[in-house]
Amino acid sequence: MAASIRLMTEKDFRTYFRDLYPQLARYAARLLGDSDVDDVLQGSFLELWNRRTDILEPAHVKSFVYRSVYTHALNVIKHRQVVRKYSDAVIEMENRRLDSLDPNNSEVLQKLRNDELQQRINLAINELPPKSRQVFVMSYLHGLKNKEIAEVMNVSVRTVDAHIYNALRQLRSKLDKNSILGLLMGIMLVLCDGLLLWL
């Protein structure tokens, strides 16, 4: 080899490349894993060639190239971290965008659904027989206890229980059986009488 790196020829460079490449590849792989090793080594040897006049002693070539591989590897690692953070941020923004477009999360749509549901409930309540409707409204909308309703209507508590049971059964059959409201009506039926009546 040449006595001074300033005089490095293409042949000298090829000799350094051939002799150092395998050990530098192992070193870079320990730093980076298997990906990006070739790019790091290519950049390091390109830097050696471009800066060959800055190295005064041939003995410094090996340490120069190792330092170059280390620096290039750190840059790759930093770039990976930036890409990962950017990817995470993009994924989070996309998830938020999708959530905002989800019809289930729309406040306007939710209000419309609530209004529609309230209309369906009111219609179903209005279609109840008069006594059952009166008992249901007093119990569930005004919060009166069955005993209080019995006193107001001048009937027995058992009659109030029967009216509530019948009102819940009729409401459940008029409302969608797959809706949450239908399920709640079914639960109320069970709680009222201890019977499970799935029609």
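Hey, how many Å between the Cα centroid of the stretch 1-73 and the Cα centroid of the stretch 157-174?
About 88 Å separates the Cα centre of the stretch 1-73 from the one of the stretch 157-174.
Placing +1 at every Lys and Arg Cβ and -1 at every Asp and Glu Cβ, with all other atoms neutral, what dipole size does the stretch 4-80 have around its Cα centre, in debye to the nearest 20? Show your work: numbers first, answer last.
Working: 12 positive and 10 negative charges, 29 e Å.
So the magnitude is around 140 debye.
State the percentage of accessible surface on the stretch 1-88 attributable to carbon and sulfur atoms; use a 1.4 Å probe and exclude ligands, DNA and RNA. Could the numbers behind the result be given before it?
Numbers: 3180 of 5890 Å².
Roughly 54 percent of what the probe reaches on the stretch 1-88 is carbon or sulfur.
Which aspartates and glutamates have a Cα less than 15 Å from the Cα of Lys145, not counting those fewer than 8 places away in the same chain?
Excluding near neighbours in sequence, the set is Asp161.
Run down the aspartates and glutamates and flag those whose C-alpha is under 18 Å from the C-alpha of Lys11, throwing out any fewer than 8 positions away in its chain.
Cα-Cα hits under 18 Å: Asp19, Glu47, Glu57.
How far, in nm, would the chain grow between Ser35 and Arg51 when pulled straight, counting 0.36 nm per residue and subtracting the alpha carbon separation?
On the way: separation 16, 0.36 × 16 = 5.76 nm, distance 2.59 nm.
3.2 nm is the gain from fully extending Ser35 to Arg51.
What does the accessible area per residue of the stretch 30-86 come to in Å², with a 1.4 Å probe and no ligands, DNA or RNA counted? Intermediate values should be presented prior to the final figure.
On the way: 3840 Å² over 57 residues.
Result: 67 Å² of accessible area for each residue.
The values are calculated or read from the model by the stated rules, or taken from the named source; none is laboratory data. As the structure is a prediction and not an experimental result, all values here were calculated from the model. As a convention, Cβ positions derive from the backbone with ideal geometry for all residues, glycine included, and neighbour counts pool all protein chains shown. Surface accessibility is based on the protein's heavy atoms, side chains included, excluding ligands, DNA and RNA. Shrake-Rupley method; radii C 1.70, N 1.55, O 1.52, S 1.80 Å.
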